[in-house]
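What follows is calculated from the coordinates using simple rules that are stated; it is not laboratory data. Given the structure is predicted, the values throughout are model-derived calculations rather than measurements. In this analysis, Cβ positions are derived from the backbone assuming ideal geometry, glycine residues included, and neighbour counts consider all displayed protein chains.
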Amino acid sequence: MNARTKIVATLGPATDRPDVLDAMMTAGVDVVRLNLSHGSLSDHIARLHAVRAAAERTGSVVAVLADLPGPKVRAAPFPEGGVELPGGSMVMVVTDVATSSGAVIGVDYTTLLDDLHVGDRIVIGDGAITLRVESLSARGAECQVRSGGHAQGRPGVHLPSERLRIASPTQEDLLLAAEMVAQGADFLAVSFVRGRDDLDAVRRSIAPLTTRLVAKIETLSAIQHLDEIIAASDAVMVARGDLGIECPLEDVPHMQKRIVRSCVEAGVPVITATQMMESMITAPSPTRAEVSDVANAVFDGSDAIMLSGETAIGADPVNVVRTMARVAEHAEREANYAQWAEHVVRLNQIGAVNGPDPITTAITHAAGLAATDAGAVAILCCTRSGRTALAMARFRPSARLIGLSPDPETVRALALSWGITSLHVETYKNTDELVWFAVEKAVQNGLVHSNDIVLVLAGAPDRPSGAATDVLRIVRVA
């Protein structure tokens, strides 16, 4: 598939066979997600190593994203088979019972009564069951079931996040983060981020090792602190599941568009996630609404779109990936990427966005215009950290984007970013060498051909990593 919008696929029992993993990569997976909320740490480590082996077998560049669980309040277990909570009925929510029933729901959150207010909404599970706090007493919170349903097992209990006293990241998150970074995970997704301090805590916990952090936007606090979170992140995920529980459902599409727009403007990769093709957990094809959802995520400008249960536990993970790639590729033909470039330029002119440094911004903008004027088929971004390629991707150029780096971690990390095909190259001593070997590498990989015109973007090789991109060459391939 040739979709420029990247695909993130969650691994699980359905993907554990090597032939399935190989086929998923061939079908278009760019990033695999390890959901640390489910399964054992040893299982996730084994899957990480399986991904590396599959990438080697298939010649793919695939990044690994380890998704930290974050704080989770859960109900005390319901009886086997579960119970019905009818709409309009009354239940007590308490902290001192070992099991839940249709009349009393226990939660493992000791300061419940201090943190709840009359009128608050409590959500059980995935959002189907909602309660409204009617009164508070020494015994517990008396609630009316506003939206009923079947409760079973130990479902999550969603309380107002702005008053939740459970810190994010949790101590478990920090331990998992250190282990997954040591194992070579390319990204860590931090759950229930409320501000940049949450991201800073993870960075401190894994020091002196480093990895790229993905901030999951799933709380109202995160929306309120969106700009600071984007500035402190290496990527962002629009986690629509919990966001749709925290906020009125009708607000979620507008929040999605705002988050995606803000990330693209800043040059920070953004993933749109949750229930994108959920019916394909069991069905051979998606619903029409799901196809529209995927296409609209592409139109919004998402760098990547994510599959969760569809691949982790689905009946046919490879078919899901192929279907998503096909829908994304078709949507890209209709996406107005030229409008994106004009929008980013206007924002830079008025200083309304905190993007790359002015020199890098100017030269990547010039590269986009030059690529159009010269009829270039590709823009080659030579980069150690990935910043040059990310800055260029902001403009969503029609020419193929190729990111070339001597750092294997950067090569894998660029797999998350819109439109970038990433390649590993050596380190070169001067600009002429850098340009020559970048073009040669692209030719060797069949990405450009004799007589093609290409642009090469780079920072001078003798300057420190992270310096501004200040080299632009237009080259006709020999």
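How far is helix 358-374 tilted, in degrees, relative to the longest principal axis of the Cα atoms in the chain, given as a value from 0 to 90 rounded to the nearest 10?
60
Name the long-range amide H neighbours of D16: under 5 Å, sequence gap of 5 or more, or other chain; modelled H, no Pro or chain starts.
none
In nm, to one decimal, how far is the D200 label point from the E342 one, both placed 7 Å along Cα→Cβ?
That separation, rounded to one decimal, is 4.1 nm.
What does DSSP give for segment 338-476 in terms of the percent of beta bridges that are antiparallel, rounded to the nearest 5? Show your work: numbers first, answer last.
Numbers: 6 of 20 bridges.
Taking every DSSP beta bridge within segment 338-476, about 30 percent pair in antiparallel fashion.
Just need the relative contact order of the chain here, percent rounded to a whole number, with Cα pairs under 8 Å and 6+ apart. Write out the running numbers ahead of the final one.
Working: 1063 pairs, mean separation 69.8, N = 478.
The normalised contact order for the chain reaches 15 percent.
Count the lysine pairs in the chain whose Cα atoms sit under 28 Å apart, keeping only pairs 8 or more residues apart in sequence or on different chains. Walk me through the numbers before you get to the answer.
Numbers: K6/K216; K6/K257; K6/K441; K72/K216; K72/K257; K216/K257; K429/K441.
Close lysine pairs under the 28 Å cut-off: 7.
Normalising by the residue count of segment 231-275, find the relative contact order in percent from Cα pairs under 8 Å and 6+ residues apart. Spell out each step's value before the answer.
On the way: 41 pairs, mean separation 27.5, N = 45.
Computed value for segment 231-275: 61 percent relative contact order.
Give me the net charge of V320's neighbourhood, meaning all other residues with Cβ under 13 Å from the Cβ of V320; Lys, Arg count +1, Asp, Glu -1. Before the final figure, lay out the partial values.
On the way: positive: R322, R326; negative: E278, E290, E310, D316.
Counting the neighbours of V320, the net charge comes to -2.
Can you put W436, W340, W418 in order of Cβ neighbours within 10 angstrom, beginning with the fewest? Walk me through the numbers before you get to the answer.
Values: W436 15, W340 19, W418 23.
By the 10 Å Cβ count, ascending, the order reads W436, W340, W418.
Please turn the phi angles of segment 251-257 into ³J(HN,Hα) values with the Karplus equation 6.51 cos²θ - 1.76 cosθ + 1.60 (θ = phi - 60°), one per residue in order, whole Hz, x for glycine and proline.
In residue order, the calculated couplings are 7, 4, x, 6, 5, 4, 5 Hz.
Taking the Cβ of K257 as the centre, find all other residues whose Cβ is under 15 Å away and add up their charges (Lys, Arg: +1; Asp, Glu: -1).
-3
Report the far tail of the P(r) of segment 83-163, meaning the percent of Cα-Cα pairs longer than 17 Å.
Numbers: 1183 of 3240 pairs.
Value for segment 83-163: 37 percent of Cα pairs lie more than 17 Å apart.
With a Cα-only, solvent-free Debye model of segment 196-241, what are the log10 I(q)/I(0) values at q = 0.18, 0.29 Å⁻¹?
-0.52, -1.10
Along the Cα-to-Cβ line of A46, 7 Å from the Cα, sits a label point; which residues in segment 296-336 have backbone N less than 18 Å from it?
Only 312-314 fall inside the zone, counting backbone N under 18 Å.
When the dipole is taken about the Cα centre of the chain, and only Lys, Arg (+1) and Asp, Glu (-1) are charged at their Cβ, what size is it in debye, to the nearest 20? Mind dumping the intermediate values first?
On the way: 42 positive and 56 negative charges, 141 e Å.
Value, rounded to 20: 680 debye.
Per q in 0.13, 0.17 Å⁻¹, report the Debye log10 I(q)/I(0) for segment 1-110, using one uniform scatterer on each alpha carbon and no solvent.
Per q value, in the given order, log10 I(q)/I(0) is -0.66, -0.80.
Assuming R0 = 51 Å, can you tell me the calculated FRET efficiency for the pair Q183 and H117, based on Cβ-Cβ distance, to the nearest 0.05? Let's see the in-between values first.
Details: r = 43 Å, r/R0 = 0.84.
Using R0 = 51 Å, I get an efficiency of 0.75.
Starting from 0 in steps of 10 Å, tell me what percent of the Cα-Cα pairs of segment 338-476 lands in each bin.
Whole-percent P(r) values from 0 Å outward: 13, 47, 34, 6, 0.
Give me D197, D173 sorted ascending by neighbouring Cβ count inside 10 Å, so fewest comes first. Before the final figure, lay out the partial values.
Details: D197 13, D173 24.
Taking fewest neighbouring Cβ atoms as first place, the list is D197, D173.
FRET efficiency for T210 and A53, Cβ-Cβ distance as r, R0 = 30 Å, nearest 0.05? Mind dumping the intermediate values first?
Numbers: r = 24 Å, r/R0 = 0.81.
Once rounded, the FRET efficiency stands at 0.80.
Counting only C-alpha contacts under 8 Å and six or more residues apart, can you give the relative contact order of segment 173-239 as a whole percent? Walk me through the numbers on the way to the answer.
Details: 100 pairs, mean separation 23.7, N = 67.
It rounds to 35 percent for segment 173-239.
Helix 41-58 against the longest principal axis of the chain: what's the angle in degrees, Cα atoms only, rounded to the nearest 10?
On a 0 to 90 degree scale, this one is about 30.
Using square roots of five times the C-alpha gyration tensor eigenvalues, list the equivalent-ellipsoid semi-axes of the chain in whole Å, biggest first.
Equivalent-ellipsoid dimensions as semi-axes: 43, 23, 21 Å.
Label-point separation (nm) for A374 and E426, each offset 7 Å from Cα along Cα-to-Cβ?
Between A374 and E426, the simple spin-label model gives 2.5 nm.
Any chance you could give the angle, 0 to 90 degrees and rounded to 10, that helix 317-334 forms with the longest Cα principal axis of the chain?
Its long axis makes an angle of about 60 degrees.
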